[in-house]
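The values are calculated or read from the model by the stated rules, or taken from the named source; none is laboratory data. No experiment lies behind these values; they were computed from the predicted model shown. Here the Cβ positions follow ideal geometry from the backbone for every residue, glycine too, while neighbour counts run over all protein chains shown.
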Amino acid sequence: MAGRFYITTPIYYVNAQPHIGHAYTTVAADALARFHRLLGEDVLYVTGTDEHGQKNVEAARQAGVTPQEHVDAKAAAFRRLFEQMHCSFDRFIRTTEAEHVRVVQDVFARLRDSGDIYKGQYEGWYCVPCETHFLEKDLVEGKCPDCKRDVRRAQTEAYFFRTSAYAERLLRAIEENPDLIGPESRRNEVVAFVSQGIQDACISRKASEWDIPVPGDPEQTIYVWFDALVNYLTAAGYLQDEAQTAKWWPPDVQLLAKDILVRFHGTIWPAMLMALGLPLPTRIFAHGFWLSADESRGDDVRDRKISKSKGDLVSPYETAAQLADVSGCKMDVAIDAVRYFYLREMSFGLDGVFKLEAVMQRFNDDLANDLGNLLNRTLPLVERFNGGAVPTPGSSAGALAEQICAAAEGAREALVRLDLNGALAAVWQLVGAGNRFVDERAPWDLHKSGKTEELDATLYDLLDCLRAVGILVSPFMPTVAQEIWAQLGIGGYAAEAAWDACVAGRLAPGGRIARTQPIFPRIDLRRAATRLDSRREQEPDRGKAGEKPMADEAIPVEVSIEEFARLDLRVAEITTAERVEGKDRLLKLTVSLGEETRTVAAGIAREFPPETLVGKRVVLVANLKAAKIGGVASHGMILAAGEQVPLAIVTLDRECPLGTKVR
């Protein structure tokens with residue numbers, strides 16, 4: 001019986017645009033979620049947005065919109081970025097959802113009824129940007145210990161959570177389960193923090209316009225961070241669906257950046273769960289920061305951390321666009337290459353330095369020279385010596401069996417212990433073995449010598465090795481994995497294979513390869529550097545926070561008539577429409593093109609009930625690459641209007657034959 005795996009990211013505060021830090025955590029969680037799906041486990045992968053708090057009120061005021069309009073737009077931007085980065089989350093939670101608000105208030109009421117929450121008088125220091133109270137001893141040189149900004153004196157009536165009552169129990173839990181908090185350096189920080197004596201946490205404030213009201217007390221609202229922590233419970237069905245909660249709780253892995261570990265996820269969060277009588281997460285893991293390459297920022301990590309406050313945000317999507325531009329690879333491949341860089345460049349748990357030049361170097365060294373080289377050497381040999389068909393292996397095949405098994409086992413062990421860098425290193429051992437195998441066996445010499453059986457076995461082993469590599473890289477680079485399988489002529493989806501299929505001899509002989517352009521065109525680094533420097537000179541302010549376009553604010557780009565003509569737009573009729581179980585936004589549509597019928601997945605379920613769509617004649621992007629969306633094999637896309645959410649379906653104003661080209 002397959003197991004289950006529940007993984008979370010923190011929910012991201014939406015007072016500014018999404019950036020590399022948000023993408024890094026979410027991509028790492030995605031790789032782990034995809035790996036556990038390959039193991040055959042039922043996975044719940046949750047991410048989302050943190051939408052209450054006065055910073056959002058202020059951001060909305062500055063933008064001239066309501067707080068709801070502000071958070072709707074920002075939440076859509078975060079979701080879009082994560083989807084662009086190929087993140088396969090199962091639940092995108094928003095803290096302004098009515099169900100979450102109810103759960104937060106129920107949790108608050110339960111803890112108040114049990115005596116774990118009480119009303120008292122708060123007097124101390126308050127950091128407005130962090131929306132957090134601190135005692136005098138917590139301050140660093142009189143400033144906030146987290147963001148290093150000025151704090152102000154505060155005295156007010158408020159509710160408190162009895163964090164102190166759970167200090168000894170928390171220390172005992174950490175001692176009994178060393179894996180509860182990781183990595184070790186972060187666990188030690190939590191232990192030191194709790195051991196010095198923790199105070200009860202102030203969890204409410206005087207009633208504000210945008211936070212969740214304290215149940216039964218209209219004079220108080222709940223602090224945003226308390227509200228945010230409860231999201232992990234809401235997503236698991238807590239106080240909503242007992243069966244769902246029993247299935248998913250506790251989380252197996254909770255990923256977050258190290259700056260929100262000690263005070264919140266490492267202390268108050270487990271204390272809240274103890275007070276509710278719920279099991280603690282299996283593992284809470286805090287990763288490091290991406291740092292600016294500008295050494296002049298100083299040695300303090302907080303001084304060099306890439307952040308919106310210093311104006312050096314890095315847009316993941318823009319990084320991919322730059323990589324696609326200088327390399328000539330497909331945009332989806334460039335996105336996967338950025339994912340690869342994130343997970344290979346930085347040891348998970350430590351800090352790393354981000355430089356676009358390093359991304360390009362990784363692209364050349366690991367993807368073009370290693371993985372791309374193995375694929376680009378093997379396929380022409382198969383075309384040349386076996387007419388493009390997968391050979392029958394014969395008794396002498398299996399020379400790479402040991403290396404395939406070692407890579408699969410090494411990557412599995414590394415991923416279980418959250419060593420993403422180590423998992424990729426194990427896979428690249430296999431890639432290296434494949435390249436050496438080509439040199440050692442010299443298929444061209446086998447062909448010249450007439451050693452047909454050995455030649456067939458060699459070609460088969462290389463193709464079979466690439467098949468296994470496709471599975472092994474799919475958690476990290478799902479699009480690249482599919483590109484590899486497509487060139488090998490394998491049907492199905494690499495990302496939906498079984499991890500146990502990473503053994504030699506699983507490639508069916510007789511199939512035909514489908515070699516196309518190289519997946520990873522090698523970058524001319526000198527020319528790319530010159531090109532990028534020229535752009536930086538022309539656009540000197542592109543790096544300033546707030547001026548860089550967000551993922552949902554793409555720069556309009558002119559296209560030629562020839563480029564537009566590449567889109568095959570056709571008139572189609574929706575013949576059936578049904579909701580996809582477990583996917584609240586997704587509809588499964590059957591569309592007719594006249595002589596052809598297709599299935600299309602469309603994220604419009606909230607705006608368009610399925611029964612209202614049947615019979616509509618719509619415009620279909622007919623040559624969109626097939627993809628699997630929410631478990632639905634989708635071949636095409638219907639056009640809709642609306643930037644943040646679909647507002648209208650593009651339909652025809654008069655009768656027109658199905659399949660007619662739209663131009």
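Structure values in brief
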| read-out | value |
| --- | --- |
| Evaluation of residue 112 against (1) surrounded by 17 or more Cβ atoms within 10 Å (Cβ to Cβ); (2) assigned to a helix (DSSP H, G or I); (3) touching a helix residue (DSSP H, G or I) at 6+ places or on another chain (Cβ under 8 Å) (one fails), failing number | (3) |
| Output for segment 145-158, where each listed residue is within 38 Å of the chain's Cα centre (by Cα) and within 23 Å of residue 271 (Cα to Cα) | 145, 146, 158 |
| Residues within segment 221-246 that are more than 23 Å from the chain's Cα centre (by Cα) and in contact (Cβ under 8 Å) with a residue 60 or more places away in the chain, tallied | 7 |
| So residue 135, is it at pLDDT below 95, more than 30 Å from the chain's Cα centre (by Cα), over 18 Å from residue 212 (Cβ atoms) and not assigned by TED's automatic domain parsing to the domain that holds residue 478 | yes |
| Any chance residue 98 is over 21 Å from residue 253 (Cβ atoms) and either without any contact (Cβ under 8 Å) to a residue 24 or more places away in the chain or buried (at least 21 other Cβ atoms within 10 Å of the Cβ) (or both) | yes |
| Qualifying residue in segment 490-505 (condition: touching a Pro at 6+ places or on another chain (Cβ under 6 Å) and within 30 Å of residue 414 (Cα to Cα)) | yes |
| Residue selected from segment 398-416 under the condition touching an Asp or Glu at 6+ places or on another chain (Cβ under 9 Å) and buried (at least 16 other Cβ atoms within 10 Å of the Cβ), by the criterion farthest from residue 504 (Cα to Cα) | 408 |
| Single match in 395, 449 (criterion: at pLDDT below 95 and surrounded by fewer than 21 Cβ atoms within 10 Å (Cβ to Cβ)) | 395 |
| Top-ranked residue of segment 287-316 - restricted to ones that are assigned to a strand (DSSP E or B) and under 24 Å from residue 79 (Cβ atoms), ranked as modelled with the lowest pLDDT | 290 |
| Selection count, segment 24-53, where residues are of a type in the set (A, V, I, L, M, F, W, C) and at pLDDT below 95 | 0 |
| Residues satisfying the stated conditions in segment 261-279, i.e. of a type in the set (A, V, I, L, M) and in a helix (DSSP H, G or I) | 261, 262, 268, 271, 272, 273, 274, 275, 276 |
| Residues satisfying the stated conditions in segment 209-220, i.e. touching a helix residue (DSSP H, G or I) at 6+ places or on another chain (Cβ under 9 Å), over 17 Å from residue 68 (Cα atoms) and not small (Gly, Ala, Ser) | 214, 215 |
| Residues within segment 450-474 that are closer than 22 Å to residue 40 by Cα, free of Cβ contacts under 8 Å to residues at least 60 places away in the same chain and outside any helix (DSSP H, G or I), tallied | 0 |
| When residues of segment 126-171 are limited to those that are more than 22 Å from residue 13 (Cβ to Cβ) and of a type in the set (D, E, K, R), the one surrounded by the fewest Cβ atoms within 10 Å (Cβ to Cβ) | 141 |
| Failed item, numbered, when residue 30 is tested on (1) closer than 29 Å to residue 320 by Cα; (2) not basic (Lys, Arg); (3) not in a helix (DSSP H, G or I) | (3) |
| Residue tally, condition within 20 Å of residue 286 (Cα to Cα) and free of Cβ contacts under 8 Å to residues at least 24 places away in the same chain, over segment 190-204 | 2 |
| Single residue of segment 205-214 satisfying the filter (over 17 Å from residue 97 (Cβ atoms) and touching a residue at least 40 places away in the same chain (Cβ under 8 Å)) that is surrounded by the fewest Cβ atoms within 10 Å (Cβ to Cβ) | 209 |
| Candidates 233, 280, 273, filtered to the one that is buried (at least 23 other Cβ atoms within 10 Å of the Cβ), at pLDDT 95 or above and out of contact with any Cys (no Cβ under 6 Å at 6 or more places or on another chain) | 233 |
| Some residue of segment 595-607 being exposed (fewer than 13 other Cβ atoms within 10 Å of the Cβ), closer than 20 Å to residue 80 by Cα and not assigned by TED's automatic domain parsing to the domain that holds residue 87 | yes |
